[in-house]
Structure formats: C-alpha cells, structure tokens
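Structure, as structure tokens:
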Amino acid sequence: MRLFKRSNPPLPAPPVLDRVPEFLAALAELAPMSGCGTYRFDNPDGACRGFVQFCTSPVGAVTIHRLWTPSPGHGNGSLMLQALCDLADIHGVHILLKALPFGAKPYPMSRQLLADWYRRHGFEGTHRRMARTPRAINVLEPA
C-alpha cells in the first residue's frame, strides 16, 4: 500500500540559448584578439584606443575583467563600452562586471565615479556587482 502518490519528475528547464560565441566572434571582427581573452580596439588611424578583457561567465553572459585605455578622459573608454553594449544587444548577451579602477594610482576615477560611468551605459547595481541586460532591438523588414 502506498501512502503517497508517485509524481512525475519535474521537466528540465529549457536550455538557455548561449549566444556568447556569436558575440565574441562579432567582437573579434571589430576588435581583434591580442591574447588571453583580451580584445584591442583601434582608432580609424590605427592607433590603440584601448583594450577589454573578459573572464569566465555564466551561460548567456560575458564578464568584463578589465576595460582600459592608454589615454583616459578622451572618450575612448565610452566608445569601446558602447560598442560592447551594442553587440550585446544584437546577440542577446548580458554583461557583468565589478567597477574597480585599474592601472597606476592615482586612478583617473574613484570606484563611485566608475560605477556612475557604467550606469550611464545601462548597468545596474553597486560597484561590487554590476550587470547590463541586453536591450530589445527592433529590426525593420526591408520594403
């Protein structure tokens, strides 16, 4: 005699579509890899704009380990981050990071100013854990 009715095991969660490889392939066309998960952004004249480096992430997301430019305060970091955000939107990829200043002291930006800078690009959270959800892209059909 059974005291409990046997239930069916729960269905597995549907697989998360991992578009990160497509995101990274598109990024490599825009900013070629320069080793160890680091991508180099160049100006149209070929001068180095800066670098972004990724570390391991959950499925469907990339984690920025470092984003830096040889000449802070000239808009290069904003251009690079906007390109990353645009690619993330196209490919449906989340971007994660910790807003920690990088480079030699004194840092060009404090943790708070750096977190505020990321917030202007759509990131949410505190400097210890920030995330940006991909934005919906409206694709118009050709007429």
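The values are calculated or read from the model by the stated rules, or taken from the named source; none is laboratory data. Values in this document were obtained by computation on a predicted structure and should not be read as measured data. Cβ: placed from backbone, ideal geometry, glycine included. Neighbour counts: every protein chain shown.
Computed quantities for the displayed model
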| quantity | calculated |
| --- | --- |
| Criterion violated by PRO106 - all others in (1) part of a loop (DSSP other than H, G, I, E, B); (2) within 25 Å of GLU22 (Cβ to Cβ) satisfied | (2) |
| First in the range 16-32 and of a type outside the set (Phe, Trp, Tyr) and loosely packed, with under 14 Cβ neighbours inside 10 Å, second anywhere and outside any helix (DSSP H, G or I) and modelled with pLDDT under 95, Cβ under 8 Å, 6 or more apart | VAL16/VAL59; VAL16/GLY60; LEU17/GLY60; LEU17/GLY92 |
| Some residue of the range 51-69 being of a type outside the set (Lys, Arg) and loosely packed, with under 12 Cβ neighbours inside 10 Å | yes |
| Residues (within 16 Å of SER71 (Cβ to Cβ) and under 18 Å from the mean Cα position of the chain (by Cα)) located in the range 90-116 | PRO101, PHE102 |
| Residue match in the range 78-90 (condition: crowded, with 21+ Cβ neighbours inside 10 Å and among the β-branched types (Val, Ile, Thr)) | no |
| Answer from PRO134, PRO101 - the residue that is assigned to a loop (DSSP other than H, G, I, E, B) and under 23 Å from ALA26 (Cα atoms) | PRO134 |
| Pair list, Cβ under 7 Å, 6 or more apart: the range 107-118 residue closer than 14 Å to LEU97 by Cα, other residue hydrophobic (A, V, I, L, M, F, W, C) and surrounded by fewer than 15 Cβ atoms within 10 Å (Cβ to Cβ) | ARG111/LEU100 |
| The lone exception for ARG40 - which of (1) over 11 Å from the mean Cα position of the chain (by Cα); (2) at pLDDT below 90 it fails | (2) |
| Count of residues meeting criterion [of a type in the set (D, E, K, R) and assigned to a loop (DSSP other than H, G, I, E, B)] in the range 14-62 | 3 |
| Total residues in the range 63-94, condition among the small types (Gly, Ala, Ser), farther than 13 Å from TRP117 by Cα, part of a helix (DSSP H, G or I) and free of Cβ contacts under 8 Å to residues at least 60 places away in the same chain | 1 |
